[in-house]
Amino acid sequence: MQEGLIPRRYAKALYKFALDRDATGAVYDKMLMLEQQFELQPALQEVMNNPYVGADDKIKLLSTAAGVGTDNSVMADFFKLLAANKRFEMARAIAIAYQHLYRQENNIYKVHVTSAAPFRPEEEKRLKDVINSHLKGGSMEYTTSVDPELIGGFVVKIDNEVLDASISNEFKQLRIKLLSSK
């Protein structure tokens, strides 16, 4: 429970700090980059967990991973706070919590569409328009991927909601019906 509570508290504090400095969007971009680097480089988390790596080195690594230069004092102060409180191991969880909070505060939905084959531009535009009409005035961060195992159709994930309109899901549902009717 504390694994989620503490990062959320840090994220809220960082959001308020960034809000006072009119930097919530810039910090959001840096947190996206930071979280992406943790995903691409699993060794980064190992370094953050390592007590033998000095705080200054960890700050330099996090700054590099987030693409923070000397111009971003909000992030620099945040990394110093992590050092002072010995919370480097939670940097990724805090980045994720900050992203969630920022999206919530700015009515931004994370939308991911997985399709069996790449969409034609006009199909993708039509799908985006349908999704936008369901977002109640919000905006979206839209990403796509292709998974041939879907056979046909697509799967839309909007935050934690999933609409599975794939052929593989239809086969799965049909199989369940057939097995339950015995």
Residues of the stretch 1-20 being modelled with pLDDT under 95 and farther than 18 Å from ALA91 by Cβ, which ones?
MET1
Residue set LEU127, LEU101; condition assigned to a helix (DSSP H, G or I), touching a residue at least 24 places away in the same chain (Cβ under 8 Å) and more than 19 Å from GLU35 (Cβ to Cβ); output residue LEU127
Verdict on ILE158 being open to solvent by less than 80 Å² (accessible area, probe 1.4 Å), under 21 Å from the mean Cα position of the chain (by Cα) and at pLDDT 85 or above
yes
Pairs returned, first residue in the stretch 163-182 that is closer than 12 Å to GLY153 by Cβ, second residue that is in a helix (DSSP H, G or I) and open to solvent by less than 100 Å² (accessible area, probe 1.4 Å), beta-carbon separation under 7 angstrom, 6 or more apart or interchain, are SER166/LEU150; ILE167/LEU150; SER168/LEU150
Considering LEU150, LEU127, which residue is within 26 Å of the chain's Cα centre (by Cα), hydrophobic (A, V, I, L, M, F, W, C) and closer than 30 Å to TYR102 by Cβ?
LEU127
With respect to the numbered conditions (1) assigned to a strand (DSSP E or B); (2) out of contact with any helix residue (DSSP H, G or I) (no Cβ under 8 Å at 6 or more places or on another chain), which one is the sole condition not fulfilled by VAL111?
(2)
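The values are calculated or read from the model by the stated rules, or taken from the named source; none is laboratory data. All figures in this text were calculated on a predicted structure; none of them were measured in a lab. Virtual Cβ from ideal backbone geometry, glycine too; neighbours counted across all protein chains shown. Surface accessibility is based on the protein's heavy atoms, side chains included, excluding ligands, DNA and RNA. Shrake-Rupley method; radii C 1.70, N 1.55, O 1.52, S 1.80 Å.
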